1. Quick one: GLY199 ticks every box in (1) in the same structural domain as GLY147 (by TED's automatic domain parsing); (2) farther than 21 Å from PRO103 by Cβ bar one, so which box is it?
2. Report yes if some residue within segment 36-48 is within 21 Å of ALA188 (Cα to Cα) and open to solvent by less than 60 Å² (accessible area, probe 1.4 Å); otherwise report no.
3. Give THR100, THR167, THR91, THR133 a once-over and let me know the one that is in contact (Cβ under 8 Å) with a residue 24 or more places away in the chain and within 26 Å of ARG50 (Cβ to Cβ).
4. Taking the options ALA185, ALA221, ALA179, ALA237, name whichever one is surrounded by 15 or more Cβ atoms within 10 Å (Cβ to Cβ), of a type in the set (A, V, I, L, M) and without any contact (Cβ under 8 Å) to a residue 40 or more places away in the chain.
5. What do you reckon, is GLY59 part of a loop (DSSP other than H, G, I, E, B), open to solvent by 20 Å² or more (accessible area, probe 1.4 Å), modelled with pLDDT of 95 or more and farther than 12 Å from LEU232 by Cβ?
Amino acid sequence: MAMRWRRGYLRVVRSSFATVPFYRELWALSGRTEPEVVPGRTGVDGGAVRAAALAGRVGDLVPLAGGPTEIDPLRGLGPVLAEHLAVTAGTLVAVVDPGTPRPPVDLPAGVRSCVLDPSGLAGPYAGVLDDVTDHLRRGARVVAVGGDKDLDQLAAALPETLAHLVTRVPVRDPDDLAAPVGPHALIAHPLLGVLGGLGGCGRWHIDHPRVYLRATPAGPAYTLLRQRSPRLVDVLAGHGRPGWCPRHGTPVVEP
């Protein structure tokens with residue numbers, strides 16, 4: 001599995017160097033390592049890039065053949081939830097985040113979704129809150145995804161007899177993986193989307209079919225393996241280090 005994961009990453013790097021303006025410019029001028037694309041040039045931080053350097057450059061992350069420019073902060077939510085929770089048909093996934101532009105688009109078939117602004121649950125979002133309440137009263141599962149404070153606000157807005165029925169899935173930034181969590185949690189980044197989740201073994205599992213993680217001199221760098229555009233390769237995020245889960249034999253990030 002490790003070799004296949006690595007090969008997928010190498011394909012993305014070589015394709016990005018050949019076809020994506022941002023990486024053509026960056027690596028041609030300073031180089032990179034693992035793999036080295038310009039002989040003798042190893043690049044700053046091994047060729048990894050800080051998220052701030054991509055601000056205003058999204059157009060340059062589109063391959064020359066064209067493609068979307070939208071950044072989806074919920075990219076990968078559906079597959080990661082399905083991997084770590086029993087998210088089946090009839091479940092309602094409530095994203096509790098005022099900054100989320102739209103509901104997730106990659107949830108499993110039959111799973112509904114909504115977006116709640118925790119600061120306005122009694123205003124224009126009251127109808128959405130009623131939908132959450134109706135699901136709970138019918139015995140359907142509700143999975144709430146968001147920051148700890150936002151999830152607390154949702155619980156406070158629900159009837160006391162129903163609030164405890166919500167499955168809480170707090171979101172952690174790659175910088176915040178050492179903070180205590182419950183049985184469920186996600187790793188998410190505003191640029192990269194959902195990168196993985198907390199496994200039953202207590203380790204932070206990378207969504208390895210869709211995300212690659214490698215160590216660089218500046219910290220862990222993440223690559224989206226299946227997103228054709230905008231291309232996000234070796235983006236630095238957090239302070240952890242790559243590792244492997246001895247129980248599952250799959251990649252994790254160690255805080």
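1. Status for GLY199: all satisfied but (1).
2. Yes, segment 36-48 has at least one match.
3. Selected residue: THR100, the only one of THR100, THR167, THR91, THR133 that is in contact (Cβ under 8 Å) with a residue 24 or more places away in the chain and within 26 Å of ARG50 (Cβ to Cβ).
4. Step by step, each of ALA185, ALA221, ALA179, ALA237 is checked, and only ALA185 is surrounded by 15 or more Cβ atoms within 10 Å (Cβ to Cβ), of a type in the set (A, V, I, L, M) and without any contact (Cβ under 8 Å) to a residue 40 or more places away in the chain.
5. no
The values are calculated or read from the model by the stated rules, or taken from the named source; none is laboratory data. Predicted model only: the values in this text are computed from it and were never measured. No Cβ is skipped: glycine too gets one built from the backbone with ideal geometry, and neighbour counts run over all protein chains shown. Note: accessible area is taken over every heavy atom of the protein model, side chains too, but ligands, DNA and RNA are not part of it. Shrake-Rupley method; radii C 1.70, N 1.55, O 1.52, S 1.80 Å.
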